[in-house]
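A quick write-up on the structure given underneath.
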Amino acid sequence: MSVRDVFYTFTDSSYTSVERLDIIAKRLSAEADSADAEADELLAKLNAIRACACRLCKQVAHATSNADKIMHNEMEQMDAEELPAGSAGSGAASGNQAAAASPVPSSLALDFNVEDLLRMLQGFPYSPAS
């Protein structure tokens, strides 16, 4: 309701003062209800986005964990292939030293920490959409 609407309603002489105030109150109440409905709709959309983001983060964390396991297994396999067949004892030690000399990153070098992002999203106020 604009200021002009309030002014015209308030100065309309066909209504009593109480009727004018009642009309203004009803219009403002209707606008407030409309704004509440819009806010509820936006909150539902935000909750849906948050839920998708949580699922995506969990999938990324799972994929990263799987990739770490695969990378670790491949490094072990490469180390085992590099060892001479007859030198199991000393070769294993040198293979471990080679692995320690060239460290393999423990993740896929993501630009963000998935666990921190999950904690942040879980701290966000959330009410599941009905």
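Annotations for the structure displayed:
- Residue match in segment 49-60 (condition: at pLDDT 55 or above and within 30 Å of R4 (Cα to Cα)): no
- Residue count for segment 40-77, restricted to those that are surrounded by fewer than 12 Cβ atoms within 10 Å (Cβ to Cβ), under 17 Å from the mean Cα position of the chain (by Cα) and among the polar types (S, T, N, Q): 1.
- Every pair of residues 6+ apart whose Cβ atoms lie under 9 Å, when the first sits in segment 17-39 and is closer than 15 Å to D5 by Cβ while the second is surrounded by fewer than 10 Cβ atoms within 10 Å (Cβ to Cβ): R20/T11
- Among the residues of segment 1-15, those identified as surrounded by 10 or more Cβ atoms within 10 Å (Cβ to Cβ) and either hydrophobic (A, V, I, L, M, F, W, C) or in a helix (DSSP H, G or I) (or both) are M1, D5, V6, F7, Y8, T9, F10.
- Selection status of A35, surrounded by 11 or more Cβ atoms within 10 Å (Cβ to Cβ), among the small types (G, A, S), at pLDDT 85 or above and out of contact with any helix residue (DSSP H, G or I) (no Cβ under 9 Å at 6 or more places or on another chain): no
- Test: residue in segment 16-28 that is out of contact with any strand residue (DSSP E or B) (no Cβ under 8 Å at 6 or more places or on another chain), at negative phi, surrounded by 10 or more Cβ atoms within 10 Å (Cβ to Cβ) and small (G, A, S): yes
The values are calculated or read from the model by the stated rules, or taken from the named source; none is laboratory data. None of these values were measured; they are calculated from a predicted model. Cβ atoms come from the backbone with ideal geometry, glycine included; neighbour counts cover every protein chain shown.
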